[in-house]
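To keep things clear, I will list the structure first and then write my remarks on it.
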Amino acid sequence: MYFCHINTLNFQKMKGKIVFITGASSGIGEGCARKFASEGSDLILNARNTAKLESLKAEFEGKYGSRVLLLPFDVRDRKAAENALASLPEEWKGIDVLINNAGLVIGVDKEFEGSLDEWDIMIDTNIRALLAMTRLVVPGMVARGRGHIINIGSIAGDAAYPGGSVYCATKAAVKALSDGLRIDLVDTPLRVTNIKPGMVETNFTVVRYRGDKAAADAFYKGIRPLTGDDIALTVYFAASLPEHIQLAELLVMPTNQATGTISYRKKE
Ligand code: 8X3
């Protein structure tokens with residue numbers, strides 16, 4: 001009976017929808033790009049790594065016959081973001097889904113010892129750039145009366161953990177910005193989702209350890225972490241839910257993770 005009811009839900013087809021992904025060249029962003037491409041969406045892909053974006057475009061065009069537009073710019077550069085959005089050809093302006101994915105963590109330092117410059121990079125990317133993209137894209141969605149903003153938050157935004165102070169603060173900000181935007185859009189058909197991944201194995205952790213691959217590998221030892229593709233499934237689920245369902249927030253962890261600080265690692 002329960003399953004029958006679920007089956008009657010009218011999931012939206014993402015084919016032909018315009019999906020804009022920031023930080024699309026790796027990790028969760030790349031996973032989202034591949035998932036939406038495989039479902040027939042039209043993709044606007046942003047990242048700084050133009051060569052990687054071009055190889056994804058070629059892959060998706062070849063495999064899925066996708067329509068892909070590349071918008072390589074640094075999301076922290078507000079002028080570049082404005083120019084890139086203004087340069088969109090008319091047929092690409094009607095963005096249906098904005099995935100604010102670009103984000104990073106550098107270092108595992110204590111709050112009284114770390115580098116202010118590195119923290120600026122995190123704050124500029126994870127908060128200010130997400131806000132700038134929202135400010136650039138959402139007015140058009142409001143005018144068209146349709147759209148979905150999916151922010152990639154983190155379990156780190158729920159509670160601070162050792163060595164994560166500033167990163168956790170940026171992801172708490174993503175939660176507040178998602179909640180605030182949902183409030184501001186409550187009288188519209190637009191939806192806002194905050195996806196909060198736990199442990200995901202991507203290049204993200206290598207950057208956290210400032211390029212130390214061995215330290216990043218040790219972080220995942222004894223536990224099966226999620227992948228960018230796993231998180232992409234949940235992003236796609238949120239986007240394709242029937243229009244009257246707004247998945248406000250989703251915390252997604254590996255089975256052997258319980259909180260930001262508690263996980264079970266098999267001894268090897
Ligand atoms: C990254 C997830 O567990 O490293 O946002 O905080 S975690």
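The values are calculated or read from the model by the stated rules, or taken from the named source; none is laboratory data. Please read all numbers here as calculations on a predicted model, not as lab measurements. With ideal geometry, Cβ positions are generated from the backbone for all residues, glycine too; neighbour counts draw on all protein chains shown. These accessible areas exclude ligands, DNA and RNA; they are computed on the full protein's heavy atoms, side chains included. Shrake-Rupley method; radii C 1.70, N 1.55, O 1.52, S 1.80 Å.
Among the residues of the stretch 17-74, those identified as of a type in the set (A, V, I, L, M, F, W, C) and part of a helix (DSSP H, G or I) are ILE28, CYS32, ALA33, PHE36, ALA37, ALA51, LEU53, LEU56, ALA58, PHE60. Considering the stretch 237-268, the residues that are open to solvent by 30 Å² or more (accessible area, probe 1.4 Å) and within 18 Å of the chain's Cα centre (by Cα) include one that is farthest from ALA172 (Cα to Cα), namely PHE237.
Report yes if THR202 is within 16 Å of the ligand (Cβ to nearest atom), modelled with pLDDT under 95 and of a type in the set (S, T, N, Q), otherwise no. In short, yes. Residue pairs whose Cβ atoms lie under 8 Å apart, sitting 6 or more positions apart in sequence or on different chains, and linking a residue in the stretch 138-158 that is free of Cβ contacts under 8 Å to residues at least 60 places away in the same chain and of a type in the set (A, V, I, L, M) to a partner that is in a helix (DSSP H, G or I) and away from the ligand (no atom under 12 Å from the Cβ), are VAL138/LEU181; ILE149/THR134; ILE149/VAL137; ILE149/VAL138; ILE149/MET141; ILE149/SER178; ILE149/LEU181.
Consider LEU85 carefully, then state whether it is touching a residue at least 24 places away in the same chain (Cβ under 8 Å), outside any loop (DSSP other than H, G, I, E, B), within 15 Å of the ligand (Cβ to nearest atom) and closer than 19 Å to ALA33 by Cα. Answer is no for this residue. For the stretch 170-180, filtering for residues that are buried (at least 18 other Cβ atoms within 10 Å of the Cβ) and out of contact with any Asp or Glu (no Cβ under 9 Å at 6 or more places or on another chain) leaves 4. Test THR193 against the criterion of being more than 11 Å from the ligand (Cβ to nearest atom) and either open to solvent by 20 Å² or more (accessible area, probe 1.4 Å) or part of a helix (DSSP H, G or I) (or both), and give yes or no. Criteria not met by THR193.
Count of the stretch 54-95 residues, restricted to those that are of a type in the set (S, T, N, Q), within 23 Å of MET141 (Cα to Cα) and loosely packed, with under 14 Cβ neighbours inside 10 Å, is 2.
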